[in-house]
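Engineer: Please read through the structure below; I'll follow up with questions.
The values are calculated or read from the model by the stated rules, or taken from the named source; none is laboratory data. Just so it is clear, the model here is predicted, and its values are computed rather than measured. With ideal geometry, Cβ positions are generated from the backbone for all residues, glycine too; neighbour counts draw on all protein chains shown. Surface areas here come from the heavy atoms of the whole protein model, side chains and all, with no ligands, DNA or RNA. Shrake-Rupley method; radii C 1.70, N 1.55, O 1.52, S 1.80 Å.
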Amino acid sequence: MWRIESAKVIAGLARMVRDVGLAEELAQDALVTALERWPESGVPDNPGAWLMTTAKHRAIDVLRRTKLVERKHEELAPEMEAQRHVAVPAIEAAIDDEVGDDLLRLVFTACHPVLSSEARVALTLRLLGGLTTAEIARAFLVSEPTIAQRIVRAKRTLADERVPFDVPRGAELAARLASVLEVIYLIFNEGYSATAGDDWMRPALCEDALRLGRIVAELAPAEPEVHGLVALMEIQASRARARVGPSGEAILLNDQNRTLWDQLLIRRGLAALARAERLGGELGPYVLQAAIAACHARARTPAETDWPRIAEIYAVLARVVPSPVVELNRAVAVAMAAGPAAGLELVDALVDEPALAGYHLLPGVRGDLLAKLGRYAEARIELERAASLTRNARERDLLLDRAAACARGRA
């Protein structure tokens, strides 16, 4: 219940006190009060409203005690006389406004570009995901003190920089929205393909990212890229059960049992993609990636995959967001559509790309294509190099197994 309701409570309080850190403390005070009272009184019919009311009264007490009521009155009710007995009702009314607006403000505040990407991720999971410091640290394989410091520094930076608790307008909206979507996708990707550790996936992070994406899609229904990101995550999440074997081993796309794919998530993803496309305009990176994922989702078998179409979409994506990683993915699609030699030519052009110097998927892809061409000795060297670069144990095992197959003269 706390994980569901906390973001709304913090968002409403943040508009009252104009301080995200203080808002979180007040919300947690309300949670402590609930933990003390509910075992005796029982859980109320509307626990979210109970928490909001309790936190609101606590906020008013704090504002009175710190003599901030007059200033809050000026901000929230400038047309009223600056009198204490008038200010308090104005504050009480302010928190009862449309909660969706407050949530959207909190999203844009937590994902503000003034913060580092690591800080944005931690703060978003804390404020909007309702995760504890320990849960965030566990998910990203970072120590609790490190995560705690990131969150504290993030809240201090927002206060020091006087970041407004509002939704940006005009040209700033697009730039800030891109930051929001980046944070959500970073969270999803860490859950979908864990950077390090013993697990190939961390499904809980995927679920948190999906929930955040769905919230933003409801709050910003006219933004195609929001629906594109939701579509991409829904479709990719549909493969979760098929991506991991009985012993936790990684299973690649073409080797997956597609009957295990979640058809409900696929339908939701395709519907979100259709919404994004109906909104029109130039297709953005998330919509394009969702279109690629949809090609895979529609294929009942690997042989039915429309690889020429996927290669075409990657070519468009490379023009929209030029990136060596996108080019590497395009090379894979070209290899599947036109043969491994065509793909290898594109990969070889990326070998000296500085941005890919330590990227394990570059030698991984190159090794796979060399193996398909029967160049097993070269393929084994590349796959072993890829294994040495990855920090994920499951992925390392997969790459070493493929290298061993090449040593035996098999792709």
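Engineer: Please give the per residue accessible area of segment 238-362, computed with a probe of 1.4 Å over protein heavy atoms only, in Å².
Structural biologist: Per residue, segment 238-362 has 51 Å² of solvent-accessible surface.
Engineer: Probe radius 1.4 Å, ligands and nucleic acids left out: which of 352, 198 has the largest accessible area, and how do the rest follow?
Structural biologist: The ordering from most to least exposed comes out as 352, 198.
Engineer: Something else: Report, in degrees rounded to the nearest 10, the 0 to 90 angle that the Cα long axis of helix 144-160 makes with the longest principal axis of the chain.
Structural biologist: 60 degrees
Engineer: Report relative contact order for the chain in percent, whole number only (criteria: Cα-Cα under 8 Å, sequence separation at least 6).
Structural biologist: 10 percent
Engineer: If you don't mind, there's one more thing I want to ask. From the backbone phi of segment 35-52, what are the Karplus-calculated ³J(HN,Hα) couplings (6.51 cos²θ - 1.76 cosθ + 1.60, θ = phi - 60°) in whole Hz, Gly and Pro given as x?
Structural biologist: Along segment 35-52, the couplings run 5, 7, 8, 5, x, 8, 8, x, 6, x, 4, 10, x, x, 5, 4, 4, 4 Hz.
Engineer: Can I ask one more? Tell me what the chain gives for mean residue ellipticity at 222 nm when only DSSP H runs of n ≥ 4 count, each as -39,500 (n - 2.57), the sum divided by the residue total, rounded to 500 deg cm²/dmol.
Structural biologist: -22500 deg cm²/dmol
Engineer: What does the charge count near residue 109 come to, summing +1 for each Lys or Arg and -1 for each Asp or Glu among other residues with Cβ under 13 Å from its Cβ?
Structural biologist: Taking every other residue near residue 109 into account, the sum is +2.
Engineer: Can you tell me the 0 to 90 degree angle between the C-alpha axis of helix 376-389 and the longest principal axis of the chain, rounded to 10?
Structural biologist: The angle comes out near 20 degrees.
Engineer: Can you compute the charge dipole magnitude of segment 160-275 about its Cα centre, using +1 on each Lys and Arg Cβ and -1 on each Asp and Glu Cβ, nothing else charged? Give it in debye, rounded to the nearest 20.
Structural biologist: 520 debye
Engineer: Within 10 Å, at most 12 other Cβ atoms, and a DSSP state outside H, G, I, E, B define an exposed site. Report the longest part of the chain free of exposed trypsin sites (Lys or Arg not before Pro).
Structural biologist: Excluding the exposed sites themselves, the longest stretch runs over 170-299.
Engineer: For a test of the definition: using alpha carbon positions, the gyration tensor, and the 1.5 limit on a/c, classify segment 8-59 as rounded, prolate or oblate.
Structural biologist: Because a/c hits 1.5 or more and a/b exceeds b/c, segment 8-59 counts as prolate.
Engineer: While we're here: Say the dipole of the chain comes from +1 at the beta carbon of Lys and Arg and -1 at that of Asp and Glu; which of 52, 206, 63 then lies farthest toward its positive end?
Structural biologist: About the Cα centre, the residue reaching furthest to the positive side is 206.
Engineer: Output the 0 to 90 degree angle, nearest 10, between the alpha-carbon long axis of helix 99-110 and the longest principal axis computed from the alpha carbons of the chain.
Structural biologist: In the chain, helix 99-110 runs at an angle near 60 degrees to the longest axis.
Engineer: Return the sequence-ordered ³J(HN,Hα) values of segment 232-237 in whole Hz as given by the Karplus equation 6.51 cos²θ - 1.76 cosθ + 1.60 applied to θ = phi - 60°, using x for Gly and Pro.
Structural biologist: Here the 3J(HN,Hα) series is 4, 5, 4, 5, 5, 5 Hz.
Engineer: Determine ³J(HN,Hα), in whole Hz, for all residues of segment 317-332 in sequence, where each value follows from phi through the Karplus function 6.51 cos²θ - 1.76 cosθ + 1.60 and θ = phi - 60°; x replaces Gly and Pro.
Structural biologist: 4, 5, 6, 6, 10, x, 7, x, 5, 4, 5, 5, 5, 5, 4, 4
Engineer: Now, a different point. What is the percent carbon and sulfur in the accessible area of segment 284-354, measuring with a 1.4 Å probe over the protein chains and ignoring ligands?
Structural biologist: Here it works out to 55 percent.
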